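Undergrad: One structure is given below, represented as structure tokens, and several questions about it will come after.
Bear in mind these aren't lab numbers, they're just calculated from the coordinates by the rules spelled out. Bear in mind the structure is a predicted one, so any value in this text is a computation, not a measurement. Quick reminder, even Gly has a Cβ in these numbers, built from the backbone with ideal geometry, and neighbours come from all protein chains shown.
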Amino acid sequence: MTKHLTSFLARTNGATPQSLPIAGSAQVANSAGGYSFAVDDWTRLRRFLVLGSEGGSYYATEAALTADGAGATLRCIALDGCRVVREIVEISQAGRAPKNDAALFALALCASKGDDPTRREALAALPKVARTGTHLFHFAAFADAQRGWGRGLRSAIANWYGAQDAKNLAYGAIKYQSRDGWSHRDLLRLSHPTPKTQAQGIIYHWMTQGWPGVGTEPHPVAEVAQIWAFERIKRAGDEMEVASLIREYRLPREAVPTPFLTSPLVWEALFEEMPMMALIRNLATLTRIGLLSPLSQTAQKVVAQLGDADRLRRARVHPIAILAALRTYANGRGARGKGVWEPVSAVVDALDAAFYTAFGNLSPSKMRHLLALDVSGSMSWGEIAGVPGLTPREASAAMALVTGAVEENVEYTAFSDKLVPVQIGHRVRLDSVLKQLASIPMGGTDCALPMLWALKKKVMVDVFVVYTDSETWFGKIHPVEALARYRQETGIAAKLIVVGMLSNKFSIADPNDGGMLDVVGFDIAAPQLMSDFAAGTL
Ligand code: CA
């Protein structure tokens, strides 16, 4: 008994082993055998909406992470369902998350499990969150899994169709007719929207019953001429006809019959009006078929388009999508071993720049930052946003570079059970930094190391930024205790920002300390939030 009593007293001295909770704190056991703080349900909701649960984590399966995120969402709905709907709309509309799936899932939860006002708000928000037919199919799959097709849901779907611009609706349907086992035909038959215009009527008819014979004359109603061209291209005899239909009717790649997708002539036509996301996804193909080559006009156009901040924002291109494209394209090899190409260096540079541009204009806090990347074993497991091979470890390095590019006084470090400084030059390309970090050996997790290292080396730090899953367990002292000691011995009121790279419920930050902040990794709003917090203007 004496042993336990002395051990307890030792823990009141500000040095608690991470395998035990700090005496009197609200710490909870994490999944790694250590103790962390639990973030509140609203933070968990945001983590879930931004990071999703795809790919799972080192500690939890995708199913478990999903159940966890859904649980937090349900508790928030019980507290204030309308606030949940507002959070969903805000994150989804601003394109803050790499994927819209978690927002659609949470909206479906609000629409079925909320009280009356919550359900009404959720259904009214449907066109704001489900902005494309594909989004609507996802939502239908989620809604179908948890409730019957009541009148409210049917009329929300009907309103969704009514609110669509005819041209956009046609264009979206040409690209994807169905997803997740749901099609426009199914949804139109369930919801019976009344067409408000002639064009809508023709489009609904095409979606449910197909096209009534394809003549050689274009359809006289302008909004549906593209559908006529789509039916026409299916019967096209040669690449010239395909290319001219693409040019004249702005048909997307998805409309092109597979045999013609190897034709440079066809890709040239597609390239002329290629939307931003399609361009980012097809850089390798454009290069492989020889259209995108060094110093070519195409290369100049691609570089200009990727450098267009307005277009990036309007297309809601998330930095993760650019990072994914950069990793693959710079590699010169497809992820699944399909196809090789010679990357055009100007395009790789443009993708690198676009990654930063996609976060918008950021202002620095001018504070001294120590950026600390958790490179322990658990951070190398799982995939962020379903991007093949993009681990939390790589993703956090990319996030650190964003802050590193904005702030002037930045020191990079990486830690697991030891901490090592990392030399990252200014303007180094993202993919080479990721390779550099990948070679650091990994080990156990001690999130207190950044503060202990700074104390030992007498490094003056205003803001510690730790990129981690907060599954800390290895150290002899908790991160918050190390920070308290740092503050005390240096006299600096140092802050701690935890960039959560997984949608779990843990944080090393104490929610009751105003000098600590939890942000969600890869939320495009995170870097500015971090800078404001560092500057004390939040
Ligand atoms: Ca770990």
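Undergrad: Between Thr262 and Thr197, what length in nm is gained on full extension when 0.36 nm per residue of separation is reduced by their alpha carbon distance?
TA: On the way: separation 65, 0.36 × 65 = 23.40 nm, distance 3.86 nm.
Additional length available on full extension: 19.5 nm.
Undergrad: Same structure again: Could you grab the relative contact order for the chain? Cα pairs under 8 Å, six or more apart, rounded to a whole percent. If you can, show how the numbers build up before the last one.
TA: Details: 905 pairs, mean separation 93.4, N = 538.
Normalised by residue count, the contact order of the chain is 17 percent.
Undergrad: Express in nm, to one decimal, how much length is gained between Ser432 and Trp381 on full extension, taking 0.36 nm for each residue of separation and deducting their alpha carbon distance.
TA: Result for the pair: 16.3 nm of gain on full extension.
Undergrad: Assign one of three labels to segment 7-131, namely rounded, prolate or oblate, based on the Cα gyration tensor with a ≥ b ≥ c the square roots of its eigenvalues; rounded applies when a/c is under 1.5, prolate when it is not and a/b is larger than b/c, and oblate otherwise. Intermediate results must be reported in sequence, preceding the final value.
TA: Values: a/c = 3.01, a/b = 2.19, b/c = 1.37.
It comes out prolate by the Cα gyration axes.
Undergrad: Follow-up question, since we're still on this one. Could you tell me which of the pairs Lys99/Lys175; Lys418/Lys457; Lys435/Lys476; Lys167/Lys301; Lys99/Lys167; Lys99/Lys366 are separated by over 21 angstrom between their Cα atoms in the structure shown? Walk me through the numbers on the way to the answer.
TA: Working: Lys99/Lys175 19 Å; Lys418/Lys457 14 Å; Lys435/Lys476 31 Å; Lys167/Lys301 26 Å; Lys99/Lys167 24 Å; Lys99/Lys366 32 Å.
Pairs exceeding 21 Å: Lys435/Lys476; Lys167/Lys301; Lys99/Lys167; Lys99/Lys366.
Undergrad: With Cβ to Cβ distances under 11 Å as the rule, what net charge do the other residues near Met379 carry (K, R +1; D, E -1)?
TA: Working: positive: Arg393; negative: Asp374, Glu394, Asp469, Glu471.
Surrounding charge for Met379 is -3.
Undergrad: Same structure, new question: Taking other Cβ within 10 Å of each residue's Cβ, how do Val85, Val28, Val256 sort, fewest first? Please list the in-between numbers first.
TA: Numbers: Val85 27, Val28 12, Val256 24.
Placing the least packed residue first, the sequence is Val28, Val256, Val85.
Undergrad: Evaluate the Kirkwood expression for the hydrodynamic radius of segment 464-538, namely the inverse of the mean inverse distance over all pairs of different C-alpha atoms, and round to one decimal in Å.
TA: Working: mean 1/r = 0.0770 Å⁻¹.
Across segment 464-538, the inverse of the average 1/r is 13.0 Å.
Undergrad: Is any residue of segment 13-46 close enough, with backbone N under 17 Å, to a label point placed 7 angstrom from the Cα of Lys476 along the Cα-Cβ axis, and if so, which?
TA: Hits in segment 13-46 for Lys476 at 17 Å: 13-20.
Undergrad: Could you give the angle, 0 to 90 degrees to the nearest 10, between helix 101-113's Cα long axis and the longest principal axis of the Cα atoms of the chain?
TA: Its long axis makes an angle of about 90 degrees.
Undergrad: By how many degrees, 0 to 90 and rounded to 10, does the Cα axis of helix 479-490 deviate from the longest principal axis of the chain?
TA: 60
Undergrad: Moving on to the next point. From Cα pairs below 8 angstrom and at least 6 apart in sequence, can you work out the relative contact order of segment 403-486, rounded to a whole percent?
TA: Working: 79 pairs, mean separation 25.1, N = 84.
Result for segment 403-486 is 30 percent.
Undergrad: Taking the 0 to 90 degree range and rounding to the nearest ten, how far is the long axis of helix 133-146 tilted relative to the main principal axis of the chain, both from C-alpha atoms?
TA: 60
Undergrad: I'd like the antiparallel share, as a percent to the nearest 5, of DSSP beta bridges with both residues in segment 362-535.
TA: On the way: 4 of 26 bridges.
Percent antiparallel among DSSP bridges in segment 362-535 is about 15.
Undergrad: How high is the FRET efficiency from Glu489 to Gln423, r the C-beta distance, R0 22 Å, rounded to 0.05? Could you put the intermediate results ahead of the total?
TA: On the way: r = 27 Å, r/R0 = 1.22.
The formula returns an efficiency of 0.25 here.
Undergrad: Between Ala163 and Val340, take the C-beta separation as r, use R0 = 56 Å, and let me know the FRET efficiency to the nearest 0.05.
TA: According to the calculation, E is roughly 0.80.
Undergrad: Output the antiparallel fraction of DSSP beta bridges having both residues in the chain, as a percent to the nearest 5.
TA: 35
Undergrad: Separate question: Compute the distance in nm between two label points, each set 7 Å from the Cα along the Cα-to-Cβ direction, one at Ala309 and one at Met240.
TA: The two pseudo-label positions are separated by 4.6 nm.
Undergrad: Here's something else I'd like to know. If we count other beta carbons within 10 Å of each Cβ, what is the order of Leu251, Leu496, fewest first?
TA: Ranked by crowding around the Cβ, least crowded first: Leu251, Leu496.
Undergrad: Continuing with this model, one more query. Beyond 17 Å, how much of the Cα-Cα pair distribution for segment 264-353 remains, as a whole percent?
TA: Working: 1709 of 4005 pairs.
The share of Cα pairs beyond 17 Å in segment 264-353 comes to 43 percent.
Undergrad: Describe numerically, in nm with one decimal, the distance between label points set 7 Å from Cα along Cα→Cβ at Thr61 and at Glu408.
TA: Between Thr61 and Glu408, the label points sit 5.3 nm apart.
Undergrad: A further question on this structure: With Cβ to Cβ distances under 14 Å as the rule, what net charge do the other residues near Glu121 carry (K, R +1; D, E -1)? Intermediate values should be presented prior to the final figure.
TA: On the way: positive: Arg83, Arg86, Lys113, Arg119, Arg120, Lys128; negative: Asp80, Glu87, Glu90, Asp115, Asp116.
Result for the local shell: +1.
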